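I have placed the structure first, in the form of structure tokens, so that the comments after it can refer back to it.
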Amino acid sequence: MQVNNERYTVSGQGALSGRPVVFDWQEYIDSTGKPFRHRAKASITVDPELRDHFGIDLSSFIEGSAAADLVYTGLPGNKAEVDVSVDASAARFFIQSFQYDKQPGAKASARLKAHLDNNELRRITNLTAEAPNFKLDKTDIVFRGSGKTTEVDSARISRFVLGETISNANIDFTPSGQMKIVMDGAFLDLRPFLDKEDRGENQVYEDPPTILSISMDQMRSADLETIQYGKIYADIDDQGRFNQLEMDGIAGEGDIYLRYKPNAQGVRTFRLEADDAGAALRAFDVYKSIRGGKLVIYGEPIRGVYDRNLIGVAEITNFRVVDAPALAQLIGAMSLPGIMATLDGEGLSFSKLEAKFDWLYRKRGALLVLKDGRTSGNALGLTFDGVFDNAAQKVDVSGTIIPLSGINKAIGSIPLLGDILTGGTGAVFAATYSMKGDSQEPDISVNPLSVLTPGILRRVLFE
């Protein structure tokens, strides 16, 4: 301990709430005209219990202990500033929404300045942080409330880098607890938010109701796919369900237009249009074998205004199918080498695909029921009905496959004789098929037919 005419200083080692601490304390006897009233410097390892002791809850981001150097400066007017430097290498640092997880042992650090008024935390300024594949530039956070009711009011992030994501962000919390996020940047990795991984029926959604407004030059929607000039607006409730979702962007050679929101009558309807159907389906990792085409999907509530289960119709026109293993198995089972060669080459052309659907919301994954599905092209026609269970990753689809070229057309076009041989259908060779089991590699079975009913062929030909 040292004392002179102006101030006294105490330095050494001690304990803070039972934790070892190295400290240095300076205080002016008369602080009038001095740069501070008192200043304390300390080095301490901050563990979860100590954070809890001081009412600092970081459990949503950090597990374990972190070494901290602090400089506490008492200012006139019962104000104070705290400069903090943290080495979080020994801690686990994670951001669940982005599926980011830094394990203990990987280098990580942070710096910030905290501003207190009457011993209450009011602001954090100049917050910066670094960790593997993560960087946070100058960030300011404003708090409201006092004591144990202190909570974040707003945050302004000038720039952050998280994996491929590069963006700024403005975050505001309303008094009701709703979070509003505005992001504007060069790149956003959407994959963590599109992840199909099962949360489980009993897992509670812990995030607050959220309003999102996002504008990005590029968005990573699948491992090898991006959407250009993407804009997203989303209203998510406290159960993690969408009250409203809007998206615009460019996939491949065409625009994407998605709207899920109340119409003029207050009914929440769904509409998706894509001018490049194949690129849009690849972008969202739905199906990789379609090239080109125009996609339109429309759905509306099954039971009422607020029902999240949808009934609707999907349509794709003027597209090609290439490198489609399931379709190749069907064609192979029917011994159609010409059609197989086309599929393996430039692809099979189809004029139209159409299906009615029921989309049933379930927390573990939606159930998609397809009805009256049909597709028609120059070489091949298909009908299909069935179920895709996204929770179980299972498929159960059956239908009819009909070659519409070569001998079928030739025989079917013979006057009178064609009707006798084909039963009036215009086709002789066909098969019923079924696809069951794992959605990635279903079991496919084919049962050849010699004659089709007129109704089936009319469905395929969209008559």
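Quick notes
- Residue within the stretch 188-198 that is at pLDDT 90 or above, more than 21 Å from the chain's Cα centre (by Cα) and more than 21 Å from L58 (Cβ to Cβ) present: no
- Matching option when the condition is closer than 30 Å to G345 by Cα and among the hydrophobic types (A, V, I, L, M, F, W, C), among L295, L258: L295
- Number of the condition not met by E253 [criteria: (1) among the charged types (D, E, K, R); (2) under 18 Å from E164 (Cβ atoms); (3) in contact with a helix residue (DSSP H, G or I) (Cβ under 9 Å, 6 or more places away or on another chain)]: (2)
- Residues of the stretch 5-29 satisfying the condition of being of a type in the set (D, E) and either over 22 Å from K79 (Cα atoms) or at pLDDT 90 or above (or both): D24, E27
- Looking across G177, G163, G147, one residue alone is in contact with a Pro (Cβ under 8 Å, 6 or more places away or on another chain) and at positive phi. It is G177.
- In the stretch 234-259, the residues that are closer than 18 Å to K294 by Cβ and surrounded by fewer than 18 Cβ atoms within 10 Å (Cβ to Cβ) reach residues that are of a type in the set (V, I, T) and modelled with pLDDT of 95 or more with C-beta atoms within less than 7 angstrom, at least six apart or across chains, in these pairs: D248/I256.
- Q218 within 17 Å of the chain's Cα centre (by Cα), surrounded by fewer than 16 Cβ atoms within 10 Å (Cβ to Cβ) and in a strand (DSSP E or B): no
- Number of the condition not met by Y361 [criteria: (1) free of Cβ contacts under 8 Å to residues at least 24 places away in the same chain; (2) within 25 Å of the chain's Cα centre (by Cα); (3) surrounded by fewer than 18 Cβ atoms within 10 Å (Cβ to Cβ)]: (1)
Quick grid of which residues meet (1) of a type in the set (V, I, T); (2) surrounded by fewer than 15 Cβ atoms within 10 Å (Cβ to Cβ):
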site: A129; (1), (2): no, no
site: P132; (1), (2): no, yes
site: I141; (1), (2): yes, no
site: V161; (1), (2): yes, no
site: E164; (1), (2): no, no
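- Within the stretch 30-64, considering residues that are of a type in the set (V, I, T) and at pLDDT below 90, the one surrounded by the most Cβ atoms within 10 Å (Cβ to Cβ): I56
- Unmet requirement for I95, which otherwise passes all of (1) among the β-branched types (V, I, T); (2) under 16 Å from D47 (Cβ atoms); (3) surrounded by fewer than 18 Cβ atoms within 10 Å (Cβ to Cβ): (2)
- Entirely in the stretch 242-313, the strands (runs of 3 or more DSSP E) that have 3 or more residues that are over 28 Å from D207 (Cβ atoms) and not β-branched (V, I, T): 294-301
- Residues that are touching a residue at least 24 places away in the same chain (Cβ under 8 Å) and under 24 Å from the mean Cα position of the chain (by Cα) within the stretch 80-130 comprise R92, F93, F94, I95, Q96, S97, F98, Q99, Y100, K102, listed in sequence order.
The values are calculated or read from the model by the stated rules, or taken from the named source; none is laboratory data. Quantities reported herein were computed from a predicted structural model and do not represent experimental measurements. Please note: Cβ atoms are built from the backbone with ideal geometry, for glycine as well, and neighbour counts cover all protein chains shown.
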